[in-house]
Structures are given as structure tokens and as C-alpha cells.
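None of the figures in this text is laboratory data; all of them are computed from the coordinates on show. If you're wondering where the values come from, they're calculated on a predicted model, not measured in any experiment. Every residue, glycine as well, gets a Cβ built from its backbone with ideal geometry; the counts of neighbours run over all protein chains shown.
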């Protein structure tokens, strides 16, 4: 019996070592991105992204925890607008602040996660117009970039982080599309 336990322990230690070695080979930064084409001009879509109060209508994270506590600070929209949240296990705790606002083409956020894992990232929305008049469309790209410390690399070896976060981005962009095309 002791021999079996020893073999299992050795196999587990080797598995952990292999996992760490594989994780260490991953890049030191990550990039997750999703996009959608919305049948509306950029000027109509931009306010839904640039005004953090407007996020309640389309953000996928609002649906994951409708009881989430939110604290707004700074101006209501544009550079300096900030949004702190404290929610359930699906959304965690963190803060985001608009660091760049270039109407109607780009909004950049400093995104700080506190729970369940600490992380300091940058989220970017880029709106690229296509066509004009009644045929106006806008490609909207939502991207997340940040450092990948060892724990992130290990997690991304076991879980598909791009798929997990990317699915949320896709859902949010679909909601943004429905909202912008409706009005």
C-alpha cells in the first residue's frame, strides 16, 4: 500500500513540474480580442461605451451579477470616469477607469481586478466606420491586454482563458449591437 501511495505521489509531483514547465514557455503578456459589425454609425455607438452608466444596458458582467455593488467616480463619461464593483464569484471585485477617450473611435480603460485574482490590465474599444448614410456600419473591437505572471500562465494551460473571456466579450458586443441597432 505504501508503495502505491509513493508512486501516486511521484506521478503527481511530476505532473505539477511538467505543468509549470509548460506554463513557463507561454508569453509574458496576453491578448484577448473579439469584434462585431454594428449597423449604426460610430457616433451612435460610442456613448454606450464612453459613459460607464450606460454599461448596465449591455455589459455581460451586469447579467452575471445584477446585485453587484457599483461605485461611480470622476466625470460621468470620458477620460477620468471610473467604475468600481464588488460582486459575486462570477464578477469578483475591481475597478476600471477611462484613461483615453477619442470620440467616436476609441476608448481605453485601466482595468484593475482585486478578487478573485489580482490583475492589472488594459481594455480597449476601437470603432472603425464602414460606409455612410443609411448604409453606415461600424466595426467594434473589444480587446484586453495585460501581463501574464506564472499563475496566469498555469491557469491558461489548464483553462482556455481566451475562450472564457472571449465568450463574455462576444456576448457583450452582441448586446451592444442589439442596443445600437434598435435606437
>> So for the stretch 61-69 (the condition being outside any helix (DSSP H, G or I), loosely packed, with under 15 Cβ neighbours inside 10 Å, touching a strand residue (DSSP E or B) at 6+ places or on another chain (Cβ under 7 Å) and without any contact (Cβ under 8 Å) to a residue 60 or more places away in the chain), does at least one residue qualify?
In response: yes
> Which of (1) farther than 25 Å from residue 38 by Cβ; (2) buried (at least 16 other Cβ atoms within 10 Å of the Cβ); (3) touching a helix residue (DSSP H, G or I) at 6+ places or on another chain (Cβ under 7 Å) is the odd one out, the single condition residue 152 does not satisfy?
Replying inline: (3)
>> Can you pull out every residue in the stretch 23-34 that is buried (at least 16 other Cβ atoms within 10 Å of the Cβ) and in contact with a strand residue (DSSP E or B) (Cβ under 7 Å, 6 or more places away or on another chain)?
In response: 30, 32, 34
